[in-house]
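The values are calculated or read from the model by the stated rules, or taken from the named source; none is laboratory data. This structure is a prediction, so every number in the text was calculated from the model and none was measured. Using ideal geometry, Cβ is built from the backbone for each residue, glycine included, and neighbour counts are taken over all protein chains shown. Just so you know, the surface numbers come from the protein's heavy atoms only, side chains and all, with ligands and any DNA or RNA stripped out. Shrake-Rupley method; radii C 1.70, N 1.55, O 1.52, S 1.80 Å.
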Amino acid sequence: MKRILLATVALALGACASGPGTSAKTPAELILGKWNCKATAEGITTDADVTYLTGGKATMDAKVGVSQSGMAINILAKADASWNFLPDGKLEETITKMTVTKGTMGGNDVPPAMIQGMIEQAVVNQKTVSTAVFKDTSFTSTDESGTVTSCTR
């Protein structure tokens, strides 16, 4: 009986020592997986489901709202991105491809191709560098212009 109890305790301690939470994960490990990320800046709101993949790639489904000069523009898009953590610990992200799947201006549908050109110029291949702070099921990133993006699992 004593031997079984000791074996059980030894197995439990071994599992605890090698299980999750015993060694600090790196930011590159913490970011992996699916997140819902939201940000608002300069009349633009973004709500995106982002999946960070190993190897520094990401995919996303995004809803973008733009309010400028009294005109409301809403965009649905799919995107591919690259990401990595720089030596100073900051997160660098680049949207490498974004395809507009639906768009509206002033509540009226517009052909996605009409918006695609604007997206290509304003968003695609623009690097963003931010400071990321991780918690259990969330992280926030603040970019160099002060825009805060909040992400949750």
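Could you list, in sequence order, all residues of region 66-118 that are small (Gly, Ala, Ser), within 18 Å of residue 41 (Cα to Cα) and in a strand (DSSP E or B)? I'd like the intermediate steps shown before the answer.
We begin by selecting, within region 66-118, every residue small (Gly, Ala, Ser); these are 67, 69-70, 72, 77, 79, 81-82, 89, 103, 106-107, 113, 117.
Narrowing further to those that are within 18 Å of residue 41 (Cα to Cα): 67, 69-70, 72.
If the condition is that a residue be small (Gly, Ala, Ser), within 18 Å of residue 41 (Cα to Cα) and in a strand (DSSP E or B), then 67, 72 are the ones that fit.
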- From the list 66, 9, 50, which one is farther than 17 Å from residue 83 by Cα and at pLDDT 85 or above? 66
- Reported set for region 114-132 where residues are open to solvent by 80 Å² or more (accessible area, probe 1.4 Å) and at pLDDT 90 or above is 125, 126, 127
- Item | Number of positions in region 46-103 that are more than 21 Å from residue 143 (Cα to Cα), open to solvent by 30 Å² or more (accessible area, probe 1.4 Å) and touching a helix residue (DSSP H, G or I) at 6+ places or on another chain (Cβ under 7 Å) | 2
- Query: For residue 149, all conditions in the list (1) open to solvent by less than 40 Å² (accessible area, probe 1.4 Å); (2) modelled with pLDDT under 95; (3) within 18 Å of residue 59 (Cβ to Cβ) hold save one; what is the number of the exception?
  - Reply: (2)
